[in-house]
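Reading through the structure tokens given below for one structure.
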Amino acid sequence: MNIFANRNFRYLYGITVLSAVNSAIYTFIIPLVLYDLTKSSLAMSTMRLMEFLPNVLLGMIVGVVVDRVNRNVMIVYGCLVRFLLSIFLLYSISAEGSHVWQLYVIGFLLATVGYTIGNASNAIAPQLFDKSWMTEIQSKFSLVHTISSVVGPSIAGALLMWLTYDHFLWIYVVCMGIIWLFAIKVEKTETPIRPVKQSVWADMKEGIRELIGNKNLFMPTMTVLISNFATSLIIGVLTFYVIDVLGNTKEQLGLMYSISAIGGIVGAKIMKPLQKKFRRGQIYCALPLIDTFVLILFFFAQSWWLLGVLLAYRTCSSVMTNIIFLAIRQESTPNHLLGRVAGTSSMLAKLVVPAGLLVGGLWAEGLPIPYIFFVSSIVVFITFVLLKRSRFAEIV
């Protein structure tokens, strides 16, 4: 059966597409607005922090709420709140005498509501669709987000020649309104039945126990954490390495990242044919082994285009890993615990990123940067060893 024949999927897919459009607008326009207001890189970095904090600070609490409240209600009212916040954002930027603190508050609230909607959408999927569809659904959603990340900034940059910030934000508001209307159309589902009524703290502990005790989920969760750390080691120094050490231009840096983003599209497209030939566990275990050799090649790469090709593989691998991981999480977690398990694992995955960025930054201050690629390859190889010892390829 063609998944697009399913009414619920069409609405959720529409929400995903419009959300990707809005994400491209937001990430392109808001830094420019902040720069015009402050001429400060610190202000721009602070805004990114506002978008990062909800996941870390509220991830587990949001998971508890998602498991306690009807997911349809959360998605519909969450989309309504986000629509209203987008109107406030438009007003704040359009009005004379805009204040940066207003943008920080709105940015934090938008990120919080967006994360809540994402968690609820993740949890409602097994209620709306057969679990055998989870991998295909994640592949199609990942493809949308990846294509948006590749072409979104380029299109927005070109349109900036004819459109003002206000025009972009009007598009943002209209998309938010349509997303809300789509959310209303999604089929109603039952509120998950909680076996025992207990405190919020007890609910969070139950989610942690489920994550740790789920043999299909715990090991890939740990490998995601380790892999995120290895990736953040590189992210923190790569731009400096390409520009300062290798002496490439900013334009070449942009082309390098454009090449790398194409890998994400490839990863989302090849998951379905690969699944016909191999078990998901086999694919998941093979990716970090190949990643290990690719990271070693980073040490020898001396040109921006070769780094772009290597990054493209890493992006491809990352997208495929995430598709499999999210599908397994949806399939193997009891639905009344899915919000908490998703919130906990997502929070942990985000927490390791600052640690990797800090280590990478300190390394670049006094040590040769290429050797950090070897360190990253060792870290990734550890994930391969852990997966092989757990016999994960045979389980999933």
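The values are calculated or read from the model by the stated rules, or taken from the named source; none is laboratory data. These numbers were taken from a predicted model, which means no experiment stands behind them. FYI the Cβ positions are ideal-geometry reconstructions off the backbone, even for glycines, and counts take in every protein chain you see.
Summary of values
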{"quantity": "Sole exception among (1) more than 20 Å from F325 (Cβ to Cβ); (2) crowded, with 19+ Cβ neighbours inside 10 Å for L253, by number", "calculated": "(2)"}
{"quantity": "Residue within segment 145-159 that is in the same structural domain as Y26 (by TED's automatic domain parsing), closer than 23 Å to V76 by Cβ and modelled with pLDDT of 85 or more present", "calculated": "no"}
{"quantity": "Tally, over segment 246-263, of residues that are in contact with a Phe, Trp or Tyr (Cβ under 9 Å, 6 or more places away or on another chain) and of a type in the set (K, R)", "calculated": "0"}
{"quantity": "Within segment 274-306, considering residues that are outside any helix (DSSP H, G or I) and either among the hydrophobic types (A, V, I, L, M, F, W, C) or touching a Cys at 6+ places or on another chain (Cβ under 7 Å) (or both), the one surrounded by the most Cβ atoms within 10 Å (Cβ to Cβ)", "calculated": "A301"}
{"quantity": "Spans of helices (runs of 4 or more DSSP H) in segment 307-396 with at least 1 residues without any contact (Cβ under 8 Å) to a residue 24 or more places away in the chain", "calculated": "338-366, 370-389"}
{"quantity": "Residue within segment 340-363 that is of a type in the set (A, V, I, L, M) and over 28 Å from G63 (Cβ atoms) present", "calculated": "yes"}
{"quantity": "Search result, residues across segment 267-290 that are in contact with a Leu (Cβ under 7 Å, 6 or more places away or on another chain) and free of Cβ contacts under 8 Å to residues at least 60 places away in the same chain", "calculated": "I283"}
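Listed here are the residues, each with its yes/no results for (1) under 18 Å from the mean Cα position of the chain (by Cα); (2) aliphatic (A, V, I, L, M).
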position: L80; (1), (2): no, yes
position: W101; (1), (2): no, no
position: A123; (1), (2): yes, yes
position: S132; (1), (2): no, no
